[in-house]
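Visitor: This is the structure I want to talk about, given as C-alpha cells.
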Amino acid sequence: MSILGTRVVRSEDPKLLTAGGTYADDLREPALNGALYATYVRSPMAHARITGIDVSAALESPGVVAVYTGADCDLDPAPPAPEGALGGKPHPSMARPFLAKDVVRFVGEPVALVLTEKRAQGEDAIELVAVDYDPLPAVIDLDDALSGTNLVFPEAGSNVVGVGGADAADAQFADCEAVVTATLENQRVAAAPLEVRSAAAAWGDDGRVTVWLSTQNAQGARDALQGALGLDEGKVRIITPDVGGGFGAKIGIDPEGTALAWASKRVGRPLRWTESRTENMLAMTHGRAQRHKITIGGDRDGRVKAYRIEVVQDLGAYPGVASFLPALTMLMASGVYDIASVTSQATIVVTNKMVVAAYRGAGRPEATAAIERAMDLFAAEVGMDPADVRRKNFIKPDAFPYTTPGGAMYDTGEYEKALDAVLESAGYAQLREEQARRRAAGETLQLGLGLSTYVEITAPDFSVGEDAKVEVHDDGTATIYTGSSPHGQGHLTAFGMLVQDKLGIPLEKIKLVHGDTDQVPKGGGTMGSRSLQLGGSAVYRAAEDVLEKGRKLAAELIEIDEGDLVLDKEAGRFHVAGQTGTGVSWGELAAAAREQGGLAADCHFAEDLPTFPFGTHLAVAEVDVETGQSRLLRHITVDDAGTILNPVLTEGQRHGGIAQGAAQALFEVMYYDPDGNPQTANFADYAIPAASELPSFELLSQETPTTLNPLGAKGIGEAGTIGSTPAVQNAVVDAVAHLGVRHIDMPTTPQRVWQAINEG
Amino acid sequence: MRITVTVNGDETTHEVEDRTLLVHYLRDVLGLTGTNVGCDTTSCGACTVLLDGESIKSCTVLAAQADGRSVTTIEGLGSAEEMHPMQKAFQQHHGLQCGFCTPGMVMASVSLLRENPKPSEEDVRAGLEGNICRCTGYHNIVKAVLAAAEDGGAK
Ligand code: FES
Ligand code: FES
C-alpha cells in the first residue's frame, strides 16, 4: 500500500522533543568562537531628526569593542520596493538605511550598533549611547497620511506612494434594489513567531561571509545580502538553522541582519545577534494594516450584482513587501461568488510606524475578510440567513476553470459542497434555534454564528517554481535537497514520504537538506503555501528520474531488459520479475554509480497557473452582553486543498491557521498611540491567545484535486487563517445583531463589543 | 558567586554573576540549549523547566535561587531512542511544529499531569495558560497531554 495520503507522524520530532531544535541562538559552531554580541540602539521616537550621537560613554562601558552609527555605515540604503501592480514609482528618498542616518521614521528603527564581549554588556552599553532627537510631527493615522498635512518623506511631496485600480462609478450599483456600504479595519498585527529574529555572521580569509539566519528563504536572503554589501556572486553563504516560526515575517533578510554582516567585517570578528521580544514586536515587519471601504449591492432575493472595494494599505515607514499586498487583495476581491460587476482600487501610503510585509495569507485574508463581512451586511440588509445568501451567489461547480472579474483563474472548486458539509456537521439549524431561544429569553450569554466561505490563491509565484535534487547513497540512504525552507511545516516527513513512495527507501533512511545556499544554490523558500505543490512536486519528479536511472543501471548490472525488472518497494530493491533472488538494492546501485558521478537527479518544477484552495468555516461564539466579552465555543471547517499527502500535517496547518485568524478577530492589534508610540510591544500587552482562550477545532475533510501538479495538491499553510478571521468576527457581530449592532471592527475586544451594544 | 545545581541528575558547580538568570546558566554556562527564551515579560513559557520537580519559568528565576536544588530540562526527560511518555504523545499527536515552544510546553505538561493525573480538556487548557504556542493552535498539544494522561504519563 502506498504511504501517500496516510497518517505519518513526523521524523523531525524526536530531536525537537528531546534535545530541542538548533535555532540560531543555539549554534555553537567553531566559526563563531570568540564572536561578539551585537545589540541595536533603537529610536524611541516615531519621527525625529537626529541632531547628534555621542558614543563616548558607551565605548567606556565594560566589554564594549565598537559602536557604529549611521555615519559609519557606508552601505547604500535599500531602495524602496516597486509598488507591484499599482501605478507610479516610489520616490528615491524612501530608501531605507540599514542604520538611520539623519532622520528616524518609526519607534524601534535601528540607530546604532553596539558590539560587546558578552551579551549582557550590550544591554548596559546601549543605555549609554546618547542620541539627540529633534521631534518631527508623526504621521500615524491613515487619514492624516492621506491628507498629507505632515509628510514622512518631505522630498516625496506626498505620503501616497501609489494608487491603482478603477475609480468609482455610480452606474455600478444603479440597478441594485439594496446597497450597503461600510468601512472595515483590517488591523495591523504582529507575526510574533515564538523564536525572535536571530543571526550570526563570520567572514573567512577568502573574503566570503557566512551568515546563519533564521529565515524562510535562504537563497533570497543571499541575493539581497550580496546586493547590499556589493559583493560578487559566490561571496555570501546563508545557512538556515532550525527556525522557530516565521509566518511571512522572516522572508529574506532584515536590515539588522545585513548590518550585522557589514559590522562583522568592519570589526574583524564573528558576530551574533538575537533580539529581545520587545525589539521583535517593534521592528520585525507587521502584517495586514489595511482599511477597506466596501459597497455591495443586489436584489432583495439575495442575489448580489455588484461589489466594490477600496483599499488603503498602510506601508509603515518604508515601502516594502506591503506594496504588493493590495494587488492580491484586489485579485481575490470577489471570493467564491459569481458577481457580475466587481471593481477595486488601492492606495498605498507611508506612515511613521513599523514597515508592513507579508503575514500568513498576505493580502488574501484581507480580501476574504472584506467580502465575507460584506456578504453578512448584505444578508442583514435583505433579511436573509447568511448561509442562504452565500449559497445563492456561489460560482457553480460546472463553471471551472472560472475567471473572475478581477482576473484570477480559479482551477477547481466545490463551494456549496463545503458549505453543506459544515452546516450539517455543526447542526446549523439547531444552533439557530438555540440562538433564537436565548434571544427571546434575553439571556446574558448570547450565541453568534459566523460563516466564511472562502477561496484563496496559493503558490502565487507558481512560475518561479522550485528546485529539488534526490540522491541515493551506497549505504542505501537518500538525501533530498530542496529550495523550499521548512520552519515547522514538516518537509522532511512530507518530502520523505514522496521519495519512499517512489523508490521504496524508507522515511527513516531519508535526510533533508535545505536552507544552505552552498548545498542548495537555487530555491524559492517557504511562503505563499507553495511548499508541497512546487517543492514537493519537484522532489517527486526528481525521485521519478532517480527511479528511471536506477532501473536502467540495474538492468545493465543484471544484464536483463529494463522491462523485466520490478522494484520491490518493501525491500528497496530491483529484481527480475518472478525471480526475487536475482536483484540489486539501492545501496548497490549507488555504489555502482559512483564512477559516473553518483545516483541522483535534479528537477525544477513550475506550475502553469497558481491553485485556488477553498472552504467553509463556521464559528460559534458566545458574547456576554453585559461585559462585551466574547468567547469562541466551536469552530467547524472544510478546507479543501486538493489531494492530501499526510493528514497529520495538513490538520496541523489548519489548526494553527485557525488559531491565528481567530486571534486577529478577537484579540490582537499592534496599537500605536497618536504620537506613534507602540502600546502593545511585548507579550504582556500584545494579546496572543493561550490554550485557555480557544476551543478544539472540528475539521472535516474534502479533497478536490488540482490538475496543475502531479500530486493534485494545493496549498494549506494559510487557508486556516484566511477562513477563520471573518468567520469569527461574523460570529461575534451575529451574537449581538438583534441588539441593533451592524458591525464591530477587529479585534472585537470587550470594550468594542460593549460600546457597539450600547450604541446599537 | 559559586553555585551548585543538580541538572538532569548531574551535579554542576560554576562561578556566576549574581544577576545570571537560570535560563542563561542552563544555555550559556552548561550548553543546554533545549530550553528557549521567547519573551521578556514572563509571558511565553518557552523557558519552562522543572525545579525540584515543579515547573517554573527559568527566565524569571536567578541561577542563584537554584543553588543546592535540582533542575530537569527537556534534555533530561528522555532520549530520542527512549522518549518520555509525554514526548511520545507530542510526536504521536503532532503537538509541535516549529518546536520552539515545545521544550517548555512538554515540561509544563509533565508538571501539569503530576499535579492532576486525570485532567479534563478544560483543566489542560487552563493548566497550560502560561505557555504560548504560535504554530499549533493548541489543538494537538491538548490532545497529546490528554493522551499522555490516559497512558499514565504522569511520572
Ligand atoms: S522566556 Fe518567556 S516566559 Fe520565560
Ligand atoms: S510549535 Fe512553534 S511555537 Fe509551538
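Visitor: Determine the per residue accessible area of segment A:41-130 with all protein chains present and a 1.4 angstrom probe, expressed in square angstrom.
Guide: For segment A:41-130, the per-residue accessible area is 42 Å².
Visitor: Under the rule that an exposed site lies in a DSSP loop and has at most 16 other Cβ atoms within 10 Å, name the longest stretch of chain B with no GluC sites (Glu not before Pro) of that kind, not counting the sites themselves.
Guide: So the longest stretch without any such site is B:18-80.
Visitor: Let me ask you something else. Tell me the trypsin sites (Lys or Arg not before Pro) within segment A:704-760 that lie in a loop according to DSSP and have at most 16 other beta-carbon atoms within 10 Å.
Guide: A:R742
Visitor: Let me ask something additional. Among the lysines in segment A:466-605, how many pairs, 8 or more places apart or on different chains, have alpha carbons under 15 Å apart?
Guide: 7
Visitor: Find, among the trypsin sites (Lys or Arg not before Pro) in segment A:227-329, those assigned to loop by DSSP (not H, G, I, E, B) with at most 12 other beta-carbon atoms within 10 angstrom.
Guide: Sites meeting the loop and neighbour criteria: A:R300.
Visitor: While we're looking at this one, here's another question. Under a straight-distance cross-link criterion of Cα-Cα below 15 Å, which aspartates and glutamates are reachable from A:K353, leaving out those fewer than 8 residues away in the same chain?
Guide: Straight-line reach from A:K353, under 15 Å: A:E109, A:D141, A:D143, A:D144, A:E279, A:D314, A:D673, A:D675.
Visitor: Once you have the Cα-Cα distance between A:D102 and A:T707, take 0.36 nm times their residue separation minus that, and quote the gain in nm to one decimal.
Guide: Result: 212.4 nm gained on full extension.
Visitor: Using a 1.4 angstrom probe on the protein heavy atoms only, could you order B:M1, A:M332 from most to least accessible area?
Guide: From most exposed to least exposed: B:M1, A:M332.
Visitor: Given points 7 Å out from each Cα along the Cα-Cβ axis, report the A:E626 to A:K552 separation in nanometres with one decimal.
Guide: 7.8
Visitor: Next question. Would you mind calculating the relative contact order of chain A from Cα pairs under 8 angstrom and at least 6 residues apart, reporting the percent as a whole number?
Guide: Value for chain A: 15 percent.
Visitor: With +1 on each Lys and Arg Cβ and -1 on each Asp and Glu Cβ, and nothing else charged, work out how big the dipole of chain A is about its Cα centre, in Debye to the nearest 20.
Guide: Computed charge dipole of chain A: roughly 280 debye.
Visitor: For peptide A:2-15, how many partner chain Cβ atoms fall within 10 Å of a residue's Cβ, on average?
Guide: 3
Visitor: Which aspartates and glutamates, on any chain, are close to B:K88 with Cα under 18 Å apart, when same-chain ones fewer than 8 places away are left out?
Guide: A:E12, A:D13, A:E508, B:E75, B:E150, B:D151
Visitor: What percentages, rounded to whole numbers, describe P(r) for segment B:2-77 computed over all alpha carbon pairs with 10 Å bin width beginning at zero?
Guide: Pair shares across the bins are 21, 62, 17.
Visitor: Run the 1.4 Å probe and let me know the accessible area of A:E414, rounded to the nearest 10 Å².
Guide: Approximately 60 Å² of A:E414 is accessible to the 1.4 Å probe.
Visitor: Exactly which trypsin sites (Lys or Arg not before Pro) in segment A:193-227 are in a DSSP loop and have at most 15 other Cβ atoms within 10 Å?
Guide: A:R208
Visitor: Taking Cα pairs under 8 Å and at least six residues apart, what relative contact order does segment B:2-77 come out at, in percent?
Guide: 41
Visitor: Provide the gained length on full extension for the span A:S93 to A:D206, in nm with one decimal, where the gain is 0.36 nm per separating residue minus the Cα-Cα distance.
Guide: 37.2 nm
Visitor: Sticking with this one: When the solvent-accessible surface of protein heavy atoms is calculated with a 1.4 angstrom probe, in what order do B:S43, A:S323 fall, highest first?
Guide: The ordering from most to least exposed comes out as B:S43, A:S323.
Visitor: Something else now. Among all cysteines in chain B, which have no other cysteine Cβ under 4.7 Å from their own Cβ?
Guide: B:C98, B:C135
Visitor: Return the calculated 222 nm mean residue ellipticity for the protein assembly as shown, to the nearest 500 deg cm²/dmol, obtained by summing -39500 (n - 2.57) across DSSP H runs with n ≥ 4 and dividing by the residue count.
Guide: Computed ellipticity for the protein assembly as shown at 222 nm equals -8500 deg cm²/dmol.
Visitor: If you don't mind, another one. For segment A:694-699, just list the computed ³J(HN,Hα) in residue order, Karplus coefficients 6.51, -1.76 and 1.60, θ = phi - 60°, integers in Hz, with x standing in for Gly and Pro.
Guide: 10, x, 6, 9, 9, 9
Visitor: Can you compute the charge dipole magnitude of segment B:85-150 about its Cα centre, using +1 on each Lys and Arg Cβ and -1 on each Asp and Glu Cβ, nothing else charged? Give it in debye, rounded to the nearest 20.
Guide: Charge dipole, segment B:85-150, about its Cα centre: 200 debye, nearest 20.
Visitor: A:K293 to A:R28: extension gain in nm, 0.36 nm per residue of separation minus the Cα-Cα distance?
Guide: Stretched fully, the A:K293-A:R28 segment lengthens by 90.2 nm.
Visitor: Determine ³J(HN,Hα), in whole Hz, for all residues of segment A:553-565 in sequence, where each value follows from phi through the Karplus function 6.51 cos²θ - 1.76 cosθ + 1.60 and θ = phi - 60°; x replaces Gly and Pro.
Guide: 5, 4, 4, 5, 5, 7, 6, 8, 5, 3, x, 8, 9
Visitor: If I take every Cα pair under 8 Å that is 6 or more residues apart in segment A:642-702, average their sequence separation and divide by the length, what percent do I get for the relative contact order?
Guide: After rounding, I find 29 percent.
Visitor: List the residues of segment A:161-196 whose backbone N lies under 11 Å from a point placed 7 Å from the Cα of A:R300 along the Cα-to-Cβ direction.
Guide: A:177-178
Visitor: Kirkwood hydrodynamic radius (Cα pairs, Å) of segment A:466-605?
Guide: For segment A:466-605, the Kirkwood estimate is 15.1 Å.
Visitor: Could you go through segment A:741-753 in sequence order and give the Karplus-derived ³J(HN,Hα) for each residue, using 6.51 cos²θ - 1.76 cosθ + 1.60 with θ = phi - 60°, rounded to whole Hz, and x for Gly and Pro?
Guide: 8, 9, 7, 9, 6, 7, x, 7, 5, x, 4, 5, 5
Visitor: Another question, if that's okay. With point charges of +1 on the Cβ of Lys and Arg and -1 on the Cβ of Asp and Glu, referenced to the Cα centre of chain B, which listed residue (B:P103, B:I141, B:L51) lies farthest in the positive direction of the dipole?
Guide: Of B:P103, B:I141, B:L51, it is B:I141.
Visitor: Same structure, new question: Using the Cα centre of chain A as origin and beta-carbon charges of +1 (Lys, Arg) and -1 (Asp, Glu), tell me which of A:Q596, A:T274, A:A57 is placed farthest towards the positive end of the dipole.
Guide: Toward the positive end, the furthest listed residue is A:A57.
Visitor: Let me ask you something else. Taking 7 Å along the Cα-to-C-beta vector as the label spot, tell me the B:A80-A:E508 distance in nanometres, rounded to one decimal.
Guide: So the two model labels end up 1.2 nm from each other.
Visitor: Next question. What does the accessible area of A:E117 come to, in Å² to the nearest 10, when a probe of 1.4 Å is used?
Guide: Accessible surface of A:E117 is approximately 80 Å².
Visitor: Okay, moving on. Once ligands and nucleic acids are excluded and a 1.4 Å probe is used, how much of A:I251 is accessible, expressed in Å² to the nearest 10?
Guide: 60
Visitor: Also, I was wondering about something else. If you take the charge dipole of the protein assembly as shown about its Cα centre, with +1 on Lys and Arg Cβ and -1 on Asp and Glu Cβ, which of A:Q679, B:G38, A:I480 is farthest toward its positive end?
Guide: It is A:Q679.
Visitor: Please list, by residue number, everything in segment A:685-721 whose backbone N is under 11 Å from a paramagnetic label point 7 Å out along Cα→Cβ of A:T444.
Guide: Those under the cut-off are none; the list is empty.
The values are calculated or read from the model by the stated rules, or taken from the named source; none is laboratory data. On a predicted model such as this, the values are computed, not experimentally measured, just so you know. Reconstructed Cβ throughout: ideal geometry from the backbone, glycine too, with neighbour counts over all protein chains shown. Side chains included, ligands, DNA and RNA excluded: accessible areas come from the protein's heavy atoms. Shrake-Rupley method; radii C 1.70, N 1.55, O 1.52, S 1.80 Å.
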